[in-house]
């Protein structure tokens with residue numbers, strides 16, 4: 001496995017799993033793609049752990065995607081908290097978040113995965 005190009009991707013409950021891995025062992029992967037993670041109000045301790053891990057990001061890229069229609073709109077504040085923890089002062093993660101207008105929990109994964117992979121592994125032009 002090429003560790004320099006390894007990413008953990010997850011959506012919904014597997015997105016929550018990706019947040020847990022990032023929080024406890026941020027160096028396990030070189031990038032994280034997190035789609036609509038199933039975060040709830042009880043996950044404040046997890047957000048605190050993410051904030052602690054932020055200093056160990058070492059330039060790792062993190063993409064968060066979520067929709068704003070339906071039930072996930074209620075999870076927005078916790079996803080806001082996740083983004084804030086990943087971008088907190090002293091963080092060494094490179095974070096991008098995209099909220100897809102009018103998309104639901106079920107319709108957003110394809111968009112999240114496509115945009116996330118492009119963010120995590122940008123194509124660099126070949127030297128001429």
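The values are calculated or read from the model by the stated rules, or taken from the named source; none is laboratory data. This is a predicted model, so every value here is computed, not measured. Here Cβ is always computed from backbone atoms with ideal geometry, including for glycine, and neighbour counts include all displayed protein chains.
Some observations on this one:
- Taken over region 84-95, residues that are surrounded by fewer than 19 Cβ atoms within 10 Å (Cβ to Cβ) and within 19 Å of residue 29 (Cβ to Cβ) amount to 3.
- Scope region 94-113; condition assigned to a loop (DSSP other than H, G, I, E, B) and touching a residue at least 60 places away in the same chain (Cβ under 8 Å); matching residues: 105, 108
- Taken over region 25-60, the criterion of being modelled with pLDDT of 90 or more, over 20 Å from residue 121 (Cα atoms) and out of contact with any helix residue (DSSP H, G or I) (no Cβ under 7 Å at 6 or more places or on another chain) is satisfied by 25, 45, 48, 52, 55.
- Candidates 76, 48, 65, 116 - the one that is more than 17 Å from residue 6 (Cα to Cα), in contact (Cβ under 8 Å) with a residue 24 or more places away in the chain and in a helix (DSSP H, G or I): 48
- Of the residues making up region 108-122, those that are within 17 Å of residue 59 (Cα to Cα) and out of contact with any strand residue (DSSP E or B) (no Cβ under 8 Å at 6 or more places or on another chain) are 118, 122.
- Boolean, residue 103 is over 19 Å from residue 47 (Cα atoms) and either surrounded by 14 or more Cβ atoms within 10 Å (Cβ to Cβ) or touching a helix residue (DSSP H, G or I) at 6+ places or on another chain (Cβ under 9 Å) (or both): yes
- Options 23, 18, 55; residue that is part of a helix (DSSP H, G or I), buried (at least 22 other Cβ atoms within 10 Å of the Cβ) and on the phi < 0 side of the Ramachandran plot: 18
- Residue in region 3-12 that is out of contact with any helix residue (DSSP H, G or I) (no Cβ under 7 Å at 6 or more places or on another chain) and surrounded by 15 or more Cβ atoms within 10 Å (Cβ to Cβ) present: yes
- Condition check for residue 67: farther than 15 Å from residue 18 by Cα, buried (at least 17 other Cβ atoms within 10 Å of the Cβ) and in contact with a strand residue (DSSP E or B) (Cβ under 6 Å, 6 or more places away or on another chain): yes
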